[in-house]
Every structure is written in C-alpha cells, then in structure tokens.
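Have a look at the structure below before the remarks.
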Amino acid sequence: MAEKTITPSMIFWQKFKKQKSAVVAGIFILLLVFVAIFAPFIAPYDPYATDYSQAMMPPSPQHWAGTDIYGRDILTRIIYGTRISLSVGISSVTIGAIVGVTLGLISGFFGGFLDEIIMRSADVLFAFPGILLAIAVVAILGPGLVNVVAAVAIFSIPTFARIVRSNTLSIKESLYVRAARSMGASNNRIMFVHIMPGTLSSSIVYFTMRIGTSILTASSLSFLGLGAQPPSPEWGAMLAESRDYIGVADHLTVFPGIAIFLTVLAFNIFGDGLRAAFDPKLQ
Amino acid sequence: MKAKHLVLAALMVLTIAAVPVFAAGKDIIYASDSTTKTLDPHNTSDTYSGAIERAICQGLLGFDKNMNIIPLLAESYTYNDSATEFTFKLRKGITFQDGAPFNAKAVKVNIDRLMTGKYVRSSLMDPVKELKIIDDYTVKFLLKQPFGAFLNALAHPGALMLSPAALEKYGDDIGSHPVGTGPFMFQEWVSGSYVLIKKNPNYWRGTVKVDSIKFVPIPENGSRVAMLRAGQAQYIYPMPAELLKLVENDPNIDVIKQPSIIERYLIFNTKSKVLSDERVRQAINYALDKKAIINIAWGGAATEADSVFPAALPFFKKEGPWPYDLAKAKELMKAAGYPNGFKVVFLTPNASARLRATQMVQQQLQAIGITGEIQSMDVASFYDMLSKNKPDTVGDQAFIAFGGWSSSTGDADWATRPLLSTEAFPPNMSNYGFFEDKTVDNLIKAGLTSADPKVRGTAYAQMQDYIWSKAPWGYLFVDTLIAAKAKNIQGIYPMADGAFTVEEAEIVQ
C-alpha cells in the first residue's frame, strides 16, 4: 500500500472546501477578474457613447440594467467599472502590503529604536478613521484615481506592519531561525527567507479582506467627487451622478450599488474562509 | 396611583386643548437650500438672506414680483436728464417696528452708513457724492457722475432702510436684530437652524394675513421634497427639477414656475491662443445642443439663452438662440486652422446640475475635436481659482468654465459691466474670461450716462447686437425657477433673481 503524503496545501484545501460560502465568494471573485480582463469583449455597448434619445430608460431586453441620464448603457459601465474597482483595490492594497510587511519585519526583527519609530508612526495613522485619512491625503494630493490609490495604500500600511511585527517577534525566537543565525546567515536572509514566509498566512487573510475595504473607500471617495472624475464609469462616481434621481429613476443607483455591495461582500467572505482554513486551531 | 391618574388626565386635557391652538395658528415653514448668512441688509451678499431682510425691511424703492421697480417708502421721485440728481418724496406717517419715525433723517442715517464704505453693499452708493435733506420728507442724491442705473441701486436689498434707533442700539450687531418697516418683524434666529419672523400688527400697507414664517435650511434636495410631501414644510425652494415627477400628481401640492434673470454660459478664456479666435468661439456655440443640455442636465427647467442677458431684465433685445449646427461649427473650426480640434480644460463647480451640464458640453464638443478633462470643485474654490488669474499669465491654460450670473439690481448694467468690461478683470469683478473689447467698454459706459430709458435702451440694444456675434461666452440657457407649495398657501412668489416675496402670504382653507 503506497503511503499518501499529506502536504500543507492539501490540508488547506480540505479545510477551505468546507467553507461553502467562501468557495462561492471565491468563484464570484474569479468571475469579476474575468469580466475585468475581458470587459471590451463582454460589454454590449461603448461605456462612453451617449444617446440622448435613450436617456434614463428602465431595464429592458436591449439594456439589461437600463440607461443613465445621458443614455449610456448602465450594464456596460458597470462591467468597465469592474476594471477600475479591482485594479484600484488590488494595487492599493499590494502597495500597502509591500511597505507594511517590510516595515513590520524590520520593526519586529531589530526592535529597539527602529521598532519604536515605526510602531509609534503606525499608532498615529491608526488614530485616524480610514476614510478620514484618505480624504486628508486626497485633499493634499488633489482629486484623481491615482491619488486615491496612494491614499488607500497609506492607510493599509500600519495594519500590515502590526500583524507582521507580532508574528516576527515569535518566529525570530524559534529554533530554526536560531539555527540559521548560528550558520552565519545575514540579517536580510533571515528576515526575508526564514521569517517572512511564516508571517504570510495572516497577511494573506488581511490582504484579501482589505481589498474589499479599499474598493469601498475608493468608491466613497469617488462618490464625494474626490476620486474618479466623470465620465469614468467608476461605481462610486456612477452613484454620485445618479443620486439626484432616487425616487424617479431608481435603476440608476440600484445597479452600481449592488455591484459595490456584492464585490465587497465577496472579498470579506473569501477572507473569512481563508482565515478559517489557515488557522491551525480550527479543524 | 391617584396622582399618576391625575397627571395623565391633565396631560390629556392639555393635549386636546393644544390641538385647536395649533390648527388656528397661521404659521408657514419655508424650506430652502440656502442658509441665512446675516440679516444686516447693508452687509448681505447672498440672495436668500436679502429676501428674508425684504420681509422685515423696505427700501425707498422696491421690485414687484416681476422685477419692475415700484416706489415703496418713497412716494415719488424725479431725476435730471444727465442722471446726476435724484430727488425722492418720502411717504408720511410710517414708523419702524420699534416706534422710530421714518423720515428724511432716517434715510440719511442709512445712506451715510452705506457710504462709509465698510459694508458689502457699500458699492451701491459708490456713485453718490452727497445726500441732501431738503425737508423732513424730501431727500436728494447728488452723484459724482452720471449713473443711469441708480434707481435699481435703491431698489436693491442692499439699500433697505433700518431703524435709526435700532442702529444706534445695536451698531453692527444689527445683523442679528434687524428692525425695519416691513410686513414682518424679526423674532428669532438660531444660527444654522432657522430664522423666525412674526407678523407686524401695525404694518402701514394693511393687514398681514399670516402669523409667522419660519425659514429652514434643508440643503439636501430629496429631504426638502419629502418635507413638503409630509406636510412638515409648506413651501420649498428650489424644487429640484429632477424630482418633479414625485409631486406633479400630488393633489395637495402646487408647482410654481417662473422665468428667472439667472443666465448660464460657458466662460471662454479669451486670452488663450485657441479661444482668442472669434471663429473658434462661434464654432463652439454652433456645436452646443442647448436643448439637450436643458432637458437632461437641468431637468428641463430652463430656456435657451437668446441674448447676453435674460429676457426678464429691462433693455433686453432678442438675438438668438444660437442655432445648433455641427456642419457650420466644423467649417468655422477649419477656417480658424483647427480642423482636428485642440485640448482644453473644463472647469466647473461640483454642484450636480452644473457638473452634468459641463459633462454634456464635454461630450458635445468632441464632435468638433475639442477634448479635455473636467476639473470639478466646490463652488467657493471654483470662484477663488478663477479670481486669482492674472491677465498676463491666464493665457497659458485654455479653459472653458461653467459660469452663471444673476443681476441682483435687476438692471442691464449689472448684467454686463461686471462680466464683460475691461474694468471687471478679476479680482475687481467677474470678467473671468478676460474678454477685452473697446467697443463693448464704450457701449457699457453709454448705457450709464442717462437715466432716460430711451437713451439707455439704444445703447443696450447696440451692445447686445455687438456682443452676441463676438461670442465671448458659450451661450447656454436662462434658468426657470421652480418652487413647490402646499395647495392652501397663497401669496408667496419666487422672484426672477431667485429671491422671494412673502408680503401677501396667506393660508386659505
């Protein structure tokens, strides 16, 4: 009888499979990514083409989600908006993660003065509610999507730094790290090759959930007129554009609203599933 | 136990007793998108505060609801041909709400206060050299130079008469304690929350038919409409055009529409290379589908602009509307040397209707190759940015900005001079496009050299002919004001400048 090897990724998959809602959320996210990449092939219309004679049409077989005030197809704009939301969400969190993880490693590994500086700066950032900090950053840098990415990235940094620091503190005392050190490994090697992989599981969970928050923040900023500028089909900007018509033409706000809601929800549920699957205490 | 019952019974009696009191009260709640900034007429720069002041105070002259000048505290007036001397006979037997008599001395106190130059509306008295008291009920204004629009200056809310006794008592704090001769007396102002005015029982023009009016700021469009529908407000202004469908079929609500003196236009930076060319500016005018912009961006609540100022102002001459003709637009762009267009920046306040209109301009100008990003910002930053431009450097950025203007004196002079004359370059006044034309400057002067409507009319007719074809602006439209009210409210009228009059307000059954 051949003995079957059980790898950690198999354990992970076994546990993750049990989280039915997380699997569904994962599939939905894959679908979003697919839609974002192939938007021009999927979308039935041009997201910027106006047709004043078709303005504010309710959902119909020609326009599944209706048309907006300029007669643009709302479904098409939501599809193109997926690109914007996903890229803003993923890029801002990635930047925040790279900086935050590095700072967390340095802080936890070296301790002392460096640790104090990094952690106290993180405390300062923590003192602001996320959206307020983002508004402040955009107010300084000026409105626009790139600045929104910067703003969201900045307020993702401290959490990553804290998570990684606490993991680093425990891992750096473990036997294999001490072994590596006694064999003469450099600080950089120990930090990035021996310690960092051990901190990744909790970072990944936070990373996923953070994407949802970032999409929401970016949409909020666009809703306030600080993010994507018209005629960009960003979801928050679409909401802002149509809020004057609530009660008269509800489909203008309902569909972009649903898009934001489902996307953020999916990332949160998926993140929850990952957490459960990574947690060694949960079986 | 017994005590509890007694309290309950007492409460019930009180409640029942209170109901008829409320039902008999004739109180109106007026909800608006604006907030009261001050109630000192001489120091007021916004239409809304000015309109509330008009319910409390009156001027020598005033406007009727169609913006025609009518004598109010003055009985009659005369002026000389060269528009340098204006004599007013005052009405006798009028007292201010605090009992102070209204006479020539009271007028002098008010005009002298304005002439100190310390107040926002001091500029109204800029042309005045001196105010002479001829007798107790006659005053004469001597002007430094001819100023044909002077009657309008006196009808402006900035020239309302305050009680001299109150001015002495409160000084510049009069803004929170205004006392005038009007149909309503000031009662209470809770900053940011409401202004309450109460009927003046001794009003000289007759009985005021409601007990009080409360002015409440409700900036959010949807909430304002909801308040009216729920009976929490009896009159709302503005009624958002996008939401008209919600109230049009309501049997308890009336919608009031009124042509305004608010003109909307695109400010062209005429100092930039591309927009300095008259043909380009004309081409843009041909390329704008004004009807579509009105219907979509403005909810249909406007009419196409047909001159540099709106038809509701005196001396208006119909020139347009400018036809929508893409072929002609392309031809002109080609003649000007831009067959493939060029890049500009679109500037706009981020108020949603204005942002929508600018977006549509952006969409439509693509057809003649003019493209560019929209920069939207809050209203204050928008005007701040425009007024910081300097004539020698502004040309570097070709911008098209969404502008609007309401001539608050109700006169043609104030609809043109601050916007298109060379003296009006920012920061002095509002010629944000730096339009510079000697002929226009001269015609503007000609319009002021007489108070004779015939002489002025000729000058303004020539001016409108000339400016229209020069296309310093992209002419868009003139707002239609929309208010909505409970069916049983009568006598509150929106005025063409966005203000309102409540003197004749009444509640009918």
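The values are calculated or read from the model by the stated rules, or taken from the named source; none is laboratory data. What you are looking at is a predicted structure, and each value in this text was computed from that prediction instead of being measured. Positions of Cβ are generated from backbone atoms using ideal geometry, with glycine treated the same way; all protein chains shown enter the neighbour counts. The accessibility values were calculated without ligands, DNA or RNA, using every heavy atom of the protein model including side chains. Shrake-Rupley method; radii C 1.70, N 1.55, O 1.52, S 1.80 Å.
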Checked against the positive end of the charge dipole of the protein assembly as shown (+1 on Cβ of Lys and Arg, -1 on Cβ of Asp and Glu, about the Cα centre), the farthest of B:THR409, B:LEU326, A:ALA122 is A:ALA122
tail above 31 Å in the computed P(r) of the range B:260-481, as % of all Cα-Cα pairs, reads 14 percent
Zone reached by a paramagnetic label modelled 7 Å from B:ALA367 Cα along Cα→Cβ, restricted to the range A:62-81 with backbone N below 20 Å, covers A:68-73
In whole Hz, the Karplus estimates of ³J(HN,Hα) for the range A:136-152 (6.51, -1.76, 1.60; θ = phi - 60°; x where Gly or Pro) are 4, 4, 5, 4, 6, 7, x, x, x, 5, 4, 5, 5, 4, 4, 4, 5
Buried by partner chains in the range B:287-314 (accessible area down by at least 30 Å² vs chain alone, 1.4 Å probe, heavy atoms, protein only) are B:ILE296
With +1 on the Cβ of every Lys and Arg and -1 on the Cβ of every Asp and Glu, the dipole magnitude of chain B about its Cα centre, in debye rounded to the nearest 20, is 480 debye
As a percent rounded to 5, the proportion of antiparallel DSSP bridges among beta bridges in chain B is 75 percent
Rh_Kirkwood(chain B) over Cα pairs, Å, one decimal, evaluates to 24.7 Å
If amide H atoms are modeled at 1.01 Å from N in the peptide plane, then the residues at a separation of 5 or more from B:ILE28, or on another chain, having amide H under 5 Å from its own are B:SER212, B:ILE213, B:LYS214
Along the dipole axis of the protein assembly as shown (charges at Cβ: +1 for Lys and Arg, -1 for Asp and Glu; origin at the Cα centre), the most positive-end residue among A:MET183, A:GLY257, B:VAL502 is A:MET183
Loop-resident chymotrypsin sites (Phe, Trp or Tyr not before Pro) in the range B:264-332 with no more than 14 other Cβ atoms inside 10 Å, DSSP not H/G/I/E/B, are none
Karplus ³J(HN,Hα) for the range A:40-46 (6.51 cos²θ - 1.76 cosθ + 1.60, θ = phi - 60°; Hz, whole; x = Gly/Pro) runs x, 8, 8, 5, x, 10, 7
For B:LYS129, the residues 5 or more places away or on another chain with a placed amide H closer than 5 Å to its own amide H are B:LEU142, B:LEU143, B:LYS144
By the C-alpha gyration tensor axes a ≥ b ≥ c (rounded if a/c is under 1.5, else prolate when a/b exceeds b/c, else oblate), the shape of the range B:91-183 is oblate
For the range B:260-481, percent of DSSP beta bridges that are antiparallel (nearest 5) comes out at 60 percent
GluC sites (Glu not before Pro) in the range A:140-248 lying in a DSSP loop, each with at most 10 other Cβ atoms within 10 Å of its Cβ, come to A:GLU173
Whole-Hz Karplus couplings 3J(HN,Hα) for the range B:201-216, θ = phi - 60° and coefficients 6.51, -1.76, 1.60, Gly and Pro as x, run x, 10, 4, 5, 9, x, 7, 7, 9, 10, 7, 7, 10, 10, 9, 10
Residues meeting the amide H criterion for B:THR480 (H placed from the backbone, H to H distance under 5 Å, 5 or more places apart or on another chain) are B:ALA302, B:THR303
Computed for the protein assembly as shown: size of charge dipole around the Cα centre, +1 on C-beta of each Lys and Arg, -1 on C-beta of each Asp and Glu, debye to nearest 20, value 1900 debye
In this structure, the FRET efficiency calculated for B:LYS65 and A:LYS17 from their beta-carbon separation, with R0 = 60 Å, to the nearest 0.05, is 0.20
Rounded to the nearest 10 Å², the 1.4 Å probe accessible area of B:TRP204 is 70 Å²
For the range A:41-85 the residues that are at least 40 Å² less accessible with all protein chains than alone, 1.4 Å probe, are A:TYR52, A:TYR70
Expressed as a percent, the accessible surface of chain B that is carbon or sulfur, using a 1.4 Å probe and the full set of protein chains, is 53 percent
What helix-only [θ] at 222 nm does chain B give? Using -39500 (n - 2.57) per DSSP H run of at least 4, over all residues, to the nearest 500, the answer is -9500 deg cm²/dmol
Note to self: with every protein chain in place and a 1.4 Å probe, the range B:383-441 gives an accessible area per residue in Å² of 37 Å²
Asked for the total accessible area buried by B and A (1.4 Å probe, Å², nearest 100), one would answer 1500 Å²
Computed about the Cα centre, the charge dipole of the range B:127-203 from +1 Lys/Arg and -1 Asp/Glu charges at the Cβ has a magnitude in debye, to the nearest 20, of 220 debye
For chain B, the longest principal axis of the Cα atoms and the Cα long axis of helix B:352-365 enclose an angle in degrees, to the nearest 10, of 10 degrees
In Å², rounded to a whole number, the accessible area per residue of the range B:271-331 with probe 1.4 Å is 41 Å²
Distance in Å, no decimals, from the C-alpha centre of the range A:1-76 to the one of the range A:118-163 is 29 Å
Ignoring ligands and nucleic acids, A:PHE110 exposes an accessible area, probe 1.4 Å, in Å² to the nearest 10, of 100 Å²
Per the Kirkwood formula over distinct C-alpha pairs, the hydrodynamic radius of the range A:104-215 in angstrom is 15.4 Å
Restricted to the protein assembly as shown, the DSSP antiparallel beta bridge percent, nearest 5, is 75 percent
Placing +1 on each Lys and Arg Cβ and -1 on each Asp and Glu Cβ in chain B, then taking the dipole about the Cα centre, the residue among B:PHE434, B:LEU355, B:GLY341 whose Cα reaches farthest towards the positive end is B:LEU355
Residues hit by the 40 Å² burial cutoff in the range A:225-261, accessible area with a 1.4 Å probe, assembly against chain on its own, are A:GLN229, A:PRO230, A:ASP244, A:TYR245, A:VAL248
Reduced to Cα centres, the span from the range B:447-464 to the range B:102-174 in Å works out to 26 Å
Against the 2.2 N^0.38 Å rule of thumb, the C-alpha Rg of the protein assembly as shown sits at a ratio of 1.19
